[in-house]
1. Would you mind ranking A:Leu300, B:Leu199, B:Leu105 by Cβ crowding within 10 Å, fewest neighbours first?
2. Only loop residues by DSSP count here, and only those with at most 13 other Cβ atoms within 10 Å; note down the trypsin sites (Lys or Arg not before Pro) in segment B:1-110 that meet that.
3. Quick check: Cα centre of segment A:486-556 to Cα centre of segment A:163-223, how many Å?
4. Considering only A:Gln92, A:Thr402, A:Cys280, whose Cα is most displaced toward the positive end of the charge dipole of chain A, charges sitting on Cβ of Lys, Arg (+1) and Asp, Glu (-1)?
5. Starting with the fewest neighbours, write out A:Val290, A:Val222 ranked by other beta-carbon atoms found within 10 Å of each beta-carbon.
6. Of all DSSP beta bridges located in the protein assembly as shown, what percent are antiparallel, nearest 5?
7. Using +1 at the C-beta of Lys and Arg and -1 at the C-beta of Asp and Glu, which of B:Leu129, B:Val62, A:Cys293 has the Cα lying farthest in the positive direction of the dipole of the protein assembly as shown?
8. Only sites in a loop by DSSP and with at most 15 other Cβ atoms within 10 Å count here; which chymotrypsin sites (Phe, Trp or Tyr not before Pro) in segment B:114-151 make the cut?
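Taken together, the values in this text are just the output of simple stated rules run on the coordinates, not laboratory data. Remember, it's a predicted structure, so these values are computed and weren't measured experimentally. A quick note on method: Cβ atoms are made from the backbone with ideal geometry, for glycine too, and the neighbour counts reach across all protein chains shown.
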Amino acid sequence: MSILEVSDLTVTFPGGIQAVRGVSYGVERGEVLGIVGESGSGKSVTSLAVMGLLPNNAQVSGSVKLHGRELLGMDEEELIKIRGKSISMIFQDPLSAFTPVFTIGDQIAEAVRVHQKVAKDKAAKRAVELLDLVGIPNPNLRAKAFPHEFSGGMRQRAMIAMAIANDPDLLICDEPTTALDVTIQAQVLEVLKTAQQETGAGIVMITHDLGVIAGMADRVLVMYAGKPVEQGPVDDIYYRPRMPYTMGLLASIPRIDGEEGPLVPIEGNPPSPAALPPGCPFAPRCPMKVDMCDDEEPSLTPFAGGRHVACIRAHEIEHKGLTGADVFPVPVIPPSDVVRVPRTERATVLELDDMIRHYPLMKGAVLKRRVGTVYAVDGITLDIAEGETLALVGESGCGKTTTLQQIMQLQPPQGGRVVVLGKDSAKLDRAGRQALRRDLQIVFQDPMAALDPRMPVGDIIAEPLRAHGKKDVRAKVEELLQLVGLAPEHAERYPQQFSGGQRQRIGIARALALEPRLLVLDEPVSALDVSIQAGVINLLEELKNRLGLSYLFVAHDLAVVRHLADRVAVMYLGRIAEIGTVENVYDHPAHPYTQALLSAIPLPDPELERTRKRILLEGDLPSPADPPSGCRFRTRCPKFAVLSEAERRRCVDEEPSVARLANAVDHGAACHYAEEIEVITASDDQEEK
Amino acid sequence: MGKYLLRRLAINVILVAIAASLAYMLAATTMNPRAAYEGRQPPVPEATIDATLNEYNLNDKVPVIQRYATWAGGVITGDFGKTWNGGSVNAEAGRRIMVSLRLMLIGTLLGFAVGVAVGAWSAVRQYKLSDRLTGVLSFVIMAIPVFVLATLLAIATYNLNQGVGHTLIEYTGEYNPKLAGWDQFVNRLNHLILPTISLSLGLIAYYSRIQRNMMLDVLNQDFVRTAMAKGLRRRTALIKHALRTALIPVATYFAFAFGTMFTGAIFTESIFSWHGMGAWLVDSIHQNDVNSVAAVTFFTAVCVLGAAFLSDVLVAALDPRVRVN
């Protein structure tokens, strides 16, 4: 029997905004139901409605039954006995989800005491046990710590501990790992699996990450514009999607085991819940659209094998065995002329030579004194050839952004050299620096924050032109808008009238205005939804080939990097751990950190996910103010753990530098005991043939 | 943490010294105590005036630096000098300090507590009639100067007493000297009612606005939702998790509010005929009484910085994030 039975749930906010329009699903004991969808698809609102935690102005109708008891319309006195006891919830951002003024232990103990009649000290003891269960080291001590003293991963573990405190029947996880780095994400997902085994609870897992769902879920519900469009067992959804949206979504994800070449984007944007199109809400973006699609919204109807699909052409798709790549047009990206020349003969556009950036750690208000040093970037060496994309990857706090800032500043570095387009930044004067900025431009991460909301788009793009003394900019602005796939008339509008993907295109147009030769991309797609992301990645690829640009691309998403980059540099605690061509690094990673990083990335492939063996890293990134001696990675290194005492001595005493690996032209790793292994099994076919 | 507070305390002591010194300089250079002796009938000989003023350290013929040195030397040993007519400033201050402190302490605490409660309540009921009503009322009260408010209250009470037929609420003076013991205590409390209300109303209005904003910031945060998700009642989640966190920024306003409070006390004391520090300040300015003005300013500085120190302690007690540094 189902634990939770949701039927025809709708949520309407004031102003007639229908956030959720008829969602039905059931969760069995011990089952994991994955709910996927892009931002605004109503997946989080659905779960808050189940918990009864929506604001009062939301109108909820339909039915939510827990063990056969109706939860909607239940009064607070009854509801508080269920919340946190039978149903628990894990939220996305674990920093804001804990009250900052109480200790972690107290907050977990509070959850225990709300539902169980136990003494204060018993509850505190239980809190420590729970923290131990989710793998917090020194739980006795850490229970007395405040939320801000925990790292992101530890906070999410504590959140899980709090959620399972009362042995719930159902766990709702709302994007539980979105805010975390991949290696930490792998740890937390592991904890979540432990928690499920411990409690035997059913799990509702809400996320936009199709990789996470593939490894966790038994069944999947795909949501679009507040409605489920496809539902079924995880293998069916991933290998045999029957709704064009699901097909497009799966085809648009870049994969670390995937081939190169353009991604398949879904054109257009998700509709606003305040202005839904008539008929099927996906029709305006659907390549399989026929006239009938506009007449009526298709309902979620049963399909073979316990599946439900909301598409009038589902049977046709089934019959012809269509896949996303068949249905959605794959863009053709012209090849680059520059790369025909061998790399060694091309000009070098950027060269970093043992670059160092340290920050002093100060203490005191009036009389400041130095108490330490943050080794943000501690000697990195790399170069980018013309027409090439170098990706800088690593977890938060590894020094990626600092490296970027140092390059963009065009100031003499604290140590080492920065050479941009043959010019040493230490030898530039004011005018030379100004002139060089033309050739070095940047695209920022957050397209919402990077554009002035009170400036028309045309002025935003024209600003760099005017700053460099160009008078007649109108024609150039129009040309740029067309170049990035927008229309010339868009110049009159303001940034808030554009969607995230379009805004990022505006940011790219601005960066291209001065016809730079080197473009720095700071996480350009990490704030975008998957279906939008593919289009922007394709655009970047196309621009590079057409304009002969070189990219320095900073990202934490290794799958995106695989698609866009030629070479990749993996950073750890301010140093480069491994560098080389994408093929070498991804297929034969030699540094234990790269191996762990690659193995931590969930693949959108349920079969592979189930059989994959993960290399889990212990603990968190050490503080860059106090890096370990010798090899910085040794405190978390799985290899170090199996080395003999004598071999370990070398890791502790001697800091490894990047050494070229014997049997590769362009591949180096900073490890004394580097050894190439295959972490990702290459998959040839992503979908059934 | 102790070290941090100790350092704040040391800084505050220095600030008190600077504030008091500046106030003395200002008073000593602009006030003219000689006027009180010169215009007399029969005229007093200048030498006598000089001698008297010298004795009180008030002679404008002595360089101001020298007068300041004498005054500061006295203050360090705890002697605030003489009033314009030779009385002891210390004795006068001793009589008045408790009168003012009683009024201000009760006023501050009441204003803080009620203001925070009203603010939190109206945040929870955002945009409802009660929220809008308290909002309008707060602004009206903040717009009325204390002396108008106090006078209006006194008039209203007088009429109320007339209507009831006996003195239900006292509206003038500090106590009735004819009573003794328990009756005296009750009578003192009765006398406190009106001045306390007129002092704290402004504070309540002020704090309620700040607290409402802080509370609204916190209300939509994830941790309040988490608290409810674990099974707390909405009320409990609001009081224990939201209010507790929203109190932190409000506590920092404590120091600022105290300054406004003293200004209010000056008028309130005069209007309700309380012989406190505020009323004394007004009197001594009229009488060109340099040393008294300096003493009252010293007292104010101590109070304001004491409040600042208290809000430091309060913030540290409320916010674990501050405690670490």
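1. Working: A:Leu300 20, B:Leu199 26, B:Leu105 12.
Lowest count first: B:Leu105, A:Leu300, B:Leu199.
2. Within segment B:1-110, the qualifying trypsin sites (Lys or Arg not before Pro) (loop, at most 13 other Cβ atoms within 10 Å) are B:Arg40, B:Lys61.
3. One Cα centre to the other: 33 Å.
4. Projecting each Cα onto the dipole axis, the largest value belongs to A:Thr402.
5. Placing the least packed residue first, the sequence is A:Val290, A:Val222.
6. So the antiparallel bridges in the protein assembly as shown amount to around 60 percent.
7. B:Val62
8. Numbers: sites: B:Trp121, B:Tyr127, B:Phe139, B:Phe147; in loops: B:Tyr127.
Passing both the DSSP loop test and the Cβ count: B:Tyr127.
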